[in-house]
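Enquirer: Next up is a structure, given as structure tokens.
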Amino acid sequence: MNPATFQFLAGIVKERSGGVLTADQSYMLDTRLAPLLKRENLPSLDALAMKLRSPAAGMLAQEMTELLTTNESHFFRDGKPFEYLRTILPELHKARAAGLPIRIWSAACSTGQEAYSIAIILSELQDAGDATWKARRFEIFGTDLTKVVVDRAREGVFTQFEVQRGLPVRQLMKNFQQIEGRWRAHDRLRAYMKFQQANLLHDLRGFGKFDLIFCRNVLIYFDLPTKARVLNALTAQLAPDGALFLGAAETAMGITDRLEPIGGQRGIYRPAAQAAPVRARA
Amino acid sequence: MTISALVVDDSTVVRKVARRILEKHGFSIREAADGQQALNAVAEDMPRLVLLDRNMPVMDGIEFLKRLRETYGSSEPTVVMCTTEAAQDRILEGLEAGADEYVMKPFDEAILMDKLGMVGLGPEGGDAG
Ligand SMILES: C[S@@+](CC[C@H](N)C(=O)[O-])C[C@H]1O[C@@H](n2cnc3c(N)ncnc32)[C@H](O)[C@@H]1O
């Protein structure tokens, strides 16, 4: 591949997803884009770049960007943030008026393991809770840039390999049904959830306010200004007493002053008390 | 601290793979090729962990597990079943017989260490990443 081609394709990816591709990842373009080249009858990435220079190639550019995202996920990833749900959800339940739903956003949900993990904990809390818990409405909203993973999340059917990453067997037995060797989440969990394709770089205000936002293991792919922009936009959608969950390798410290860490919880933040009213930047 | 583990499987290949993974993570390993050998090994010295196949000659994993729990109670050792029997009712059978966790073969290091983390025997007693 011509170095200019790499620069050009990486530029498209950055603009459309925020993800930064480095030169040592150029092998990834070869492997991941091979099926696209074949389908489009293109001999090389250089030829793909040529085609993408046409103003009518927006769909193709989007497809290419989605093929280059990393969608790795597993249930209860890093454990601790999900344990913290058992602390903060009862607090939110107490703080919210009875008729109000508690809304949780899995903001880069990939194939859905994060959203289903949240749903499992919700169902356990509701089972153990009193009548007010059972009457409470919870909504889990899952979004991702990449259409194929959002479709899979909505389908809620996981392979034997996937259900063995992070998911204790008793929770598997209780919440999933085996169908032809794959595992389908019970309707009970699905009832909490809605999935939709959405880009974190676009205007997020239409999604409304959330009590909890999970944005885990996606900011690591962004450069600093993009991280700041997305963190600020997410904070604008967060309830003042809500919490934002980042991945184990991610931080908001030194990137935005609109968030402050929740004591003793690595990677969990709340809107900073003293910050000026937060507005999403478009 | 080393954790003692008994790997019970009639396949020498599986025992070898499991041994390699577990030793890498600091476990000390003994092996048994069927349920009867495993009962003998447990009587000799109680391990912290038993990694247990289901289908084996002489005495299968379920029978071993029932006898193990009858004799020694349910609290020790920790038993992780590791078998190709991946049907939901088979898994439930294993849990009812007293298994703590369940690995469906084929497994790899990530799955095995992840599962051991769930029963408090993983690296740092928790998440395997
Ligand atoms: C590594 S996965 C993380 C999945 C899950 N949150 C977890 O922690 O296991 C990252 C996801 O971010 C998505 N993504 C990348 N850029 C995005 C963007 N600009 N907007 C929304 N999602 C994006 C990718 O499609 C991918 O599915």
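Quick note: the coordinates plus some simple rules give every number you see, no bench work behind them. Since the model is a prediction, treat every value here as computed from it, not as a measurement. Here the Cβ positions follow ideal geometry from the backbone for every residue, glycine too, while neighbour counts run over all protein chains shown.
Enquirer: In debye, nearest 20: dipole of region A:80-271 around its Cα centre with unit charges on the Cβ of K, R (+) and D, E (-)?
Expert: Values: 27 positive and 20 negative charges, 55 e Å.
For this selection, approximately 260 debye.
Enquirer: If you don't mind, there's one more thing I want to ask. GNM on chain A, C-alpha springs below 10 Å: top fluctuator among A:K51, A:K194, A:K147?
Expert: A:K51
Enquirer: Add -39500 (n - 2.57) for each DSSP H run of 4 or more in chain A, then divide by its residues: what number comes out at 222 nm, to the nearest 500 deg cm²/dmol?
Expert: Details: 12 runs with 121 residues, N = 282.
Taking each H run of at least 4 residues, the total per residue is -12500 deg cm²/dmol.
Enquirer: On C-alpha positions alone, give me the angle between the axis of helix A:113-128 and the longest principal axis of chain A, in degrees, nearest 10.
Expert: Helix A:113-128 sits roughly 10 degrees off the main axis of chain A.
Enquirer: Counting C-alpha atoms alone, how compact is the protein assembly as shown: give Rg to one decimal and Dmax as a whole number, in angstrom.
Expert: Looking at the protein assembly as shown, its Cα Rg and Dmax stand at 24.3, 75 Å.
Enquirer: Show me the GluC sites (Glu not before Pro) within region A:148-228 that DSSP assigns to loop and that have at most 14 other Cβ atoms within 10 Å of their Cβ. Write down the numbers at each step before the final one.
Expert: Working: sites: A:E155, A:E162, A:E180; in loops: A:E180.
Listed in order of number, the matching sites are A:E180.
Enquirer: A follow-up question, please. Give a residue-ordered list of calculated ³J(HN,Hα) values for region A:257-271 (Karplus: 6.51 cos²θ - 1.76 cosθ + 1.60, θ = phi - 60°; whole Hz; x for Gly, Pro).
Expert: 9, 8, 10, 10, x, 7, x, x, 10, 5, x, 10, 10, 10, x
Enquirer: Could you calculate, for region B:3-118, the ratio of the Cα radius of gyration to the Kirkwood radius, expressed as Rg to Rh?
Expert: 0.91
Enquirer: Then there is this: Do you know the relative contact order of chain A, to the nearest whole percent, from alpha carbon pairs under 8 angstrom that are 6+ apart?
Expert: Details: 428 pairs, mean separation 46.7, N = 282.
Taking the mean separation of contacting Cα pairs over the length of chain A, I get 17 percent.
Enquirer: Run the dipole for region A:204-256 about the Cα centre, Lys and Arg Cβ at +1, Asp and Glu Cβ at -1, nothing else charged, and hand back the magnitude in debye, nearest 20.
Expert: Values: 5 positive and 4 negative charges, 30 e Å.
Computed about the Cα centre, the dipole is about 140 debye.
Enquirer: For region A:80-271, state the average projected area of the convex hull of the C-alpha atoms over all orientations, rounded to one decimal in nm². Intermediate values should be presented prior to the final figure.
Expert: Details: hull surface 43.2 nm².
For the Cα atoms of region A:80-271, the hull's average projected area reads 10.8 nm².
Enquirer: Something else about it: Using a simple charge model, +1 on the beta-carbon of Lys and Arg, -1 on the beta-carbon of Asp and Glu, nothing else, what dipole does region A:51-153 show about its Cα centre, in debye to the nearest 20? Please list the in-between numbers first.
Expert: Numbers: 13 positive and 13 negative charges, 59 e Å.
So the dipole magnitude of region A:51-153 works out to roughly 280 debye.
Enquirer: Something else now. Pick from A:G242, A:G112, A:G79 the residue whose mean-square fluctuation is largest in a GNM of chain A, springs joining Cα atoms under 10 Å.
Expert: Among A:G242, A:G112, A:G79, the largest mean-square fluctuation in the Gaussian network model of chain A belongs to A:G79.
Enquirer: Leaving out same-chain residues fewer than 8 places away, which lysines sit with a Cα under 30 Å from that of A:K14?
Expert: By straight Cα distance, A:K14 reaches A:K38, A:K51, A:K147, A:K194, A:K209, A:K227.
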